[in-house]
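The values are calculated or read from the model by the stated rules, or taken from the named source; none is laboratory data. Predicted, not measured: the structure shown is a model, and the values here were computed from it. All Cβ positions, glycine included, derive from the backbone under ideal geometry; neighbour counts span all protein chains shown. Only protein heavy atoms, including side chains, enter the accessible area calculation; ligands, DNA and RNA are left aside. Shrake-Rupley method; radii C 1.70, N 1.55, O 1.52, S 1.80 Å.
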Amino acid sequence: MGVLPFATVDGAAFAFHERPIDLVHLARMTLGDPSLEGEMLEAFGLRTSMLILRMQQAARSSIGAAAQALKGSARGIGAWRIASAAEAVELAAASSAEPELKSAVDRLRVVAEETRAAIAELLQAN
């Protein structure tokens, strides 16, 4: 078996191929309450849509703030890929040229769509 690519988010290692939502982390955050998990996932999906829409329409300074808010929310439920993509947007808003910032927001939007689809499946299964 080869070495898997890993990254670190707040000191926690994760593989990039992991599921869109870290269900173990989510269960820890909700003390295993399936009802609360569902509520948190629904709220996160709505918040993600709202913040990405804001990023697509906002000035550079607001994009960075929205990305930071999304990064925190994503870490709260174990959506590590969104957290990583949001952090890239945050960094691009602070230091990159406009094309790089737009590209980072576009990548975040794609990751968010995948995660929202996974959330919909999780909610439908429960």
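Residues in segment 97-110 that are open to solvent by 40 Å² or more (accessible area, probe 1.4 Å) and among the small types (Gly, Ala, Ser): Ala97, Ser103. The residues on offer are Ala125, Ala104, and the sole one that is of a type outside the set (Lys, Arg) and in contact with a helix residue (DSSP H, G or I) (Cβ under 9 Å, 6 or more places away or on another chain) is Ala104. Of all residues in segment 42-51 being in contact (Cβ under 8 Å) with a residue 24 or more places away in the chain and surrounded by fewer than 16 Cβ atoms within 10 Å (Cβ to Cβ), which is farthest from Val111 (Cα to Cα)? In this case the residue turns out to be Glu42. Taking first residues from segment 52-72 that are free of Cβ contacts under 8 Å to residues at least 60 places away in the same chain and partners that are surrounded by fewer than 23 Cβ atoms within 10 Å (Cβ to Cβ) and not in a helix (DSSP H, G or I), the Cβ contacts under 7 Å between residues at least 6 apart in sequence or on separate chains come to Ala66/Ala58.
Among the residues of segment 29-41, count how many are open to solvent by less than 60 Å² (accessible area, probe 1.4 Å) and not in a loop (DSSP other than H, G, I, E, B).
Final tally of qualifying residues: 4.
The number of residues in segment 76-91 being more than 14 Å from Leu101 (Cα to Cα) and surrounded by 16 or more Cβ atoms within 10 Å (Cβ to Cβ) comes to 8.
Restricting Gly64, Gly38, Gly76 to residues that are over 22 Å from Leu122 (Cα atoms) and out of contact with any Pro (no Cβ under 9 Å at 6 or more places or on another chain) narrows the list to Gly64. Inclusion of Ser73 among residues that are open to solvent by 40 Å² or more (accessible area, probe 1.4 Å) and among the polar types (S, T, N, Q) is not warranted.
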